[in-house]
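Chemist: Have a look at the structure that comes next, please.
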Amino acid sequence: MENIIAALQGTPLPTLLVVGGIVFLFLAVVGEITGKFKLEDKQQKWSAIIGTLLLFSGIVLYVVPRPRHPLRQHLPHLRRPIRRRGHRLILPRRRPQQPPLLPLHPHP
């Protein structure tokens with residue numbers, strides 16, 4: 001079971017959606033698996049709808065190009081470099097700003 005979970009964690013989302021869509025479409029067409037698992041007509045229709053949606057969404061995610069920097073696309077003022085570690089984004093820490101320097105001329 002742990003091997004299956006580890007394999008699924010490394011699988012891209014579009015692949016999971018396409019495989020799930022194919023499974024749902026298979027259930028919609030066949031309707032039963034070796035007599036142990038039988039779908040009613042209404043369940044077959046919903047299985048076909050869900051399978052079609054999953055299949056097309058997986059294909060769309062494959063075809064549509066991903067932006068290079070998704071954070072920078074929405075936040076153009078973000079100029080700091082972004083590093084990835086696992087599933088978290090690590091942003092460099094900001095340096096504390098120094099107060100503005102006061103003029104050196106004496107007051108009258």
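The values are calculated or read from the model by the stated rules, or taken from the named source; none is laboratory data. Worth saying up front: this structure is predicted, and the values here are computed from it rather than measured. Methodologically, a virtual Cβ is constructed for each residue, glycine included, from the backbone with ideal geometry; neighbour enumeration extends over all protein chains shown.
Chemist: Looking at L17, L13 in this structure, which one is surrounded by 12 or more Cβ atoms within 10 Å (Cβ to Cβ) and within 14 Å of S57 (Cα to Cα)?
Modeler: Working: L13 fails: surrounded by 12 or more Cβ atoms within 10 Å (Cβ to Cβ).
It is L17.
Chemist: Are any residues in the stretch 57-85 of a type in the set (A, V, I, L, M, F, W, C) and either modelled with pLDDT of 95 or more or loosely packed, with under 10 Cβ neighbours inside 10 Å (or both), and if so, which ones?
Modeler: V63, V64
Chemist: Okay, next question. Six or more apart or on different chains, Cβ under 7 Å: which pairs go from a residue in the stretch 25-40 that's closer than 16 Å to T52 by Cβ and free of Cβ contacts under 8 Å to residues at least 40 places away in the same chain to one that's aromatic (F, W, Y) and surrounded by 15 or more Cβ atoms within 10 Å (Cβ to Cβ)? Could you list them?
Modeler: none
Chemist: Can you tell me which residue is farthest from G58 (Cα to Cα) among those in the stretch 20-44 that are assigned to a helix (DSSP H, G or I) and of a type in the set (F, W, Y)? Spell out the reasoning first.
Modeler: Just the residues of the stretch 20-44 that are assigned to a helix (DSSP H, G or I), to begin with: 20-30, 41-44.
With the extra rule that they be of a type in the set (F, W, Y), the set shrinks to 24, 26.
Numbers: F24: 13, F26: 16 Å.
Ranking the qualifying residues of the stretch 20-44, first place goes to F26.
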